[in-house]
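The values are calculated or read from the model by the stated rules, or taken from the named source; none is laboratory data. The shown structure was predicted, so the numbers you read here are calculated from the model rather than taken from an experiment. Every residue, glycine as well, gets a Cβ built from its backbone with ideal geometry; the counts of neighbours run over all protein chains shown. Calculation scope for accessible area: heavy atoms of the full protein, side chains included, ligands and nucleic acids excluded. Shrake-Rupley method; radii C 1.70, N 1.55, O 1.52, S 1.80 Å.
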Amino acid sequence: MAIDTPTAPATPATAADPRDTRFSGRAKLVLFVLCAAQFMVALDFSVLNVALPVLGDDLGLSRSALQWAVTAFALPSGGFLLLFGRIADLYGRKKLFLTGLALFGAASLLATLAWDPASFLTGRALQGLGAAVIVPTGMSLLTTTFPEGPQRDRALGISGTLLSLGFTVGMVLGGVMTDTLGWRSTMGLLTVAALVVLALAPGLLPESRTPDRPRLDVPGAVTVTGGLLALIYSLSTAAQRGFGGADVWGTLIAGLALLAAFVVVESRAQAPLVSLPMLRRRTVAWGNLAGLVTFSMMSTVIFVLTLYLQEVLGLSSFRTGLVFGVQGAMSAVAGSYAARIIGRFGAHRTLVLSLLGQGLFIALLLAVGRESGALLATVGVSLASMCHLGAIISYGVTVTSGVPDEEQGLATGLVTTTQQVGITIGIPLLGVLATTGGDLFSGVRTVLLVDAVLVVAAAALVAVGLGRRRA
């Protein structure tokens, strides 16, 4: 790890025996700060969802415009991840992490105090921009602070658990807070969380960056950021209105064209934003494919199960929240054991088995009925989520293992970009199968079947890809 001052002392995590999974007191505090930031961002993805109708009535947002409460956050949070991950590598991860926290906190305050739709959506967009800074810098600070091996595996396990738990807790907490304190309390909670992390972080986190500072690849930054923004916009819009609009297809084609141009630019750049040789690493390529599949398919399952529980079985929002509360608790249990499993069986094998388990337990959900199935849905989604957590953690370990410290921001930027894109594309690509047909129950079953097949197929592909010997 490159430190700003050559005489800077090693952090407790790096000074410890890398074979030891125990953390020193200071290392625990560092991990707490980094995980709290990741949890806060994950919470922001879901805490507002159930509050949207109330929010729309309060601010005067039409039903058709409510999607922008989600899209305004998703666009910058997914589009700028790679760019900020690389900037952090070059100019200092800690500095950028603190800047992102400050921006996120200020934006959350603006959203809390919003007086009209424009001010609220501006706050959401700035929240997304802050998240695009926090996520890759926080992850790269984690992977450069904790040495590769059992300590990093355990740290990534805790971080991955909280990432998944934050999304689930947000769904439950958002409903409770909206009913009791109003929708503004959900944004106020994020303001307080950002201030707490920002107060603790400066004295605990080490500064790190690459030892040299090559010029930033501006053409690469423009093409990949524009491509991701266009892709996320088109798929987010399609999730609300379907693929019939000209703007959806126009931005989708533009996004794919920009991403293709990005590959060409990177192949010719002297200091590329993304090293193409890195993308050709087996671990990076197949690990990110696994991450894309596990995130996109699990987010789709949660979406269609929410429809099934509420609109087919007629469960209340509170009882539906309890189902996902059980899922979150089981995910936390899985996360606490993930590092040990990876240590025993290896990240590659754990990744393949986790994907396979996720697919098989999603297939179990096909047994739910029109009149009953809440218990089976709870058990099935909880077991699938436990495997999903194993896939999240093992794919993070797979992608970042063996990557030099000076490229950790880039590697973790790829990891987090995969996460955001996966969460974004799953529902538009498969969720519409459940909502556009005449029979919702049949549509839900179709989505679950396709979902399960894709996850099992991905497990087979990743097993072959990671099992090949290096040339």
Inset, instruction - Please indicate, with yes or no, whether at least one residue in the stretch 295-315 is among the aromatic types (Phe, Trp, Tyr), within 19 Å of the chain's Cα centre (by Cα) and open to solvent by 10 Å² or more (accessible area, probe 1.4 Å). - result: yes
Inset, instruction - Go through (1) part of a helix (DSSP H, G or I); (2) within 23 Å of the chain's Cα centre (by Cα) and name the single condition Gly343 misses. - result: (2)
Legend entry - Conditions (1) hydrophobic (A, V, I, L, M, F, W, C); (2) modelled with pLDDT of 75 or more; (3) open to solvent by 30 Å² or more (accessible area, probe 1.4 Å); (4) within 18 Å of the chain's Cα centre (by Cα); number of the one not met by Leu165: (2)
Legend entry - Residues within the stretch 344-379 that are under 22 Å from Leu289 (Cα atoms) and crowded, with 16+ Cβ neighbours inside 10 Å, tallied: 17
Inset, instruction - Search the stretch 303-331 for residues that are of a type in the set (D, E, K, R) and pair each with any residue that is open to solvent by less than 60 Å² (accessible area, probe 1.4 Å) and in a helix (DSSP H, G or I) when their beta-carbon atoms are under 7 Å apart and the residues are at least 6 apart or on different chains. - result: Glu311/Leu440
Inset, instruction - Might you let me know whether the stretch 179-193 holds any residue that is at pLDDT 75 or above, within 21 Å of the chain's Cα centre (by Cα) and under 19 Å from Leu205 (Cβ atoms)? - result: yes
Inset, instruction - Take the stretch 323-343 and flag every residue that is closer than 23 Å to Ala459 by Cα, hydrophobic (A, V, I, L, M, F, W, C) and open to solvent by less than 70 Å² (accessible area, probe 1.4 Å). - result: Met330, Ala332, Val333, Ala334, Ala338, Ala339, Ile342
Legend entry - Answer residue from the stretch 66-95, given it is in contact (Cβ under 8 Å) with a residue 40 or more places away in the chain and not in a helix (DSSP H, G or I) and is surrounded by the fewest Cβ atoms within 10 Å (Cβ to Cβ) among those: Gly92
Inset, instruction - Of all residues in the stretch 199-223, count the ones that are part of a loop (DSSP other than H, G, I, E, B) and at pLDDT 75 or above. - result: 1
Legend entry - Members of the stretch 96-118 found to be open to solvent by 10 Å² or more (accessible area, probe 1.4 Å) and among the polar types (S, T, N, Q), listed by number: Thr99, Thr112
Inset, instruction - Could you tell me whether Gly390 is modelled with pLDDT under 90 and more than 23 Å from the chain's Cα centre (by Cα)? - result: no
